[in-house]
Amino acid sequence: MMLSLVFKALADETRREILRLLREGDRTAGEIAGRFDLTKPTISHHLGVLKQANLVQDYRKGQHIYYSLNTTVFQETAAWFLAVMEGRGRKEAGKAVGKRKAGRDEREGGKACGKRIKAKVIPSTGRP
């Protein structure tokens, strides 16, 4: 699995919408194109990008080509995300807590340097 191809495919809103549509069931290119205000060649391009990333598969049934989700790639991508988050959680959680404590100690009213620091209040303009 090439993650760069998966991320490229998922970067486009139209392709994400095609994936949502295919979640409901297999569809032909014509059925997919009918749901969008885009030309058929444009939909064909999006389907090609999704196929290249292996997010969708196609199969012939009679005269029609049907597209379906390839859930294996979604599972592999989700597993990759979880592995990244687990690794980050273990390695960097301790560092982040240490930095927060150190920063808080340094900024607590100037206690670290013995000076008293006053905050300047700026009035709001009323705009969000």
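So how much slack lies between L21 and Q52, counting 0.36 nm per residue of separation and subtracting their Cα-Cα distance, in nm?
On the way: separation 31, 0.36 × 31 = 11.16 nm, distance 1.83 nm.
That pair, L21 and Q52, stretches by 9.3 nm at full extension.
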At 1.4 Å probe radius, can you tell me the per residue accessible area of the range 1-92 in Å²? 66
For the range 1-70, compute Rg over Rh where Rg is the Cα radius of gyration and Rh is the Kirkwood radius from the inverse mean 1/r over Cα pairs. 0.94
Pop out the carbon and sulfur fraction of the accessible area of the range 1-79 as a percent, whole number, probe 1.4 Å. 49
Amide H contacts under 5 Å for N70, placed H, 5+ residues apart: V56, Q57
Amide proton proximity set for R27, modelled H, under 5 Å, gap of 5+: Y67
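The values are calculated or read from the model by the stated rules, or taken from the named source; none is laboratory data. Bear in mind that the values here come from a model prediction, so they are computed numbers and not experimental data. The protein model used for the area step is the full one, side chains on, heavy atoms only, and it has no ligands, DNA or RNA in it. Shrake-Rupley method; radii C 1.70, N 1.55, O 1.52, S 1.80 Å.
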